[in-house]
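Some notes on the structure that comes next.
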Amino acid sequence: MRLNINAFFKILTKQLAPHLNIYRLDSSLLPALETRPIHPSQRLMDQDGDRYEFSLRVIINPELVNELVRFGRELEVLAPESLKEMVAARLG
């Protein structure tokens, strides 16, 4: 059996490509995110009353999940669905 290197790296590259991730959080967490951003790609997208939406363009990995879980239920993952499920599973 021969390994198709091109197919292998296409799959690997797709899995390791940064994804747009969107979050909503309570205004009480905003100062923490302003002074200690999760990632340099962090951008504030929208504000609705005391709720803020922001985005990150990052690779989904265990470190990202750990960072998001530390905010508890005050941070909601809006997209992608796979990350939303990972965080929800960790929060129980």
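The values are calculated or read from the model by the stated rules, or taken from the named source; none is laboratory data. Only a predicted model underlies this, so the values are computations on that prediction, with no experimental measurement involved. Backbone-built Cβ (ideal geometry, glycine too); neighbour counts: all protein chains shown.
A few remarks follow.
- Odd one out for G72, checked against (1) farther than 10 Å from I22 by Cα; (2) touching a helix residue (DSSP H, G or I) at 6+ places or on another chain (Cβ under 8 Å); (3) in contact (Cβ under 8 Å) with a residue 24 or more places away in the chain: (3)
- All of (1) surrounded by 13 or more Cβ atoms within 10 Å (Cβ to Cβ); (2) modelled with pLDDT of 95 or more; (3) not aromatic (F, W, Y) hold for A89 with one exception: (1).
- Positions within region 54-80 being assigned to a strand (DSSP E or B), farther than 12 Å from Q42 by Cβ and among the hydrophobic types (A, V, I, L, M, F, W, C), in sequence order: L75, V77, L78, A79
- Within region 34-64, the residues that satisfy the criterion of being surrounded by fewer than 16 Cβ atoms within 10 Å (Cβ to Cβ), of a type in the set (A, V, I, L, M, F, W, C) and either under 19 Å from L91 (Cβ atoms) or more than 9 Å from the chain's Cα centre (by Cα) (or both) are L44, M45.
- Restricting attention to region 1-25, the residues that are farther than 16 Å from S55 by Cβ, of a type in the set (D, E, K, R) and either touching a Leu at 6+ places or on another chain (Cβ under 8 Å) or at pLDDT below 60 (or both) add up to 2.
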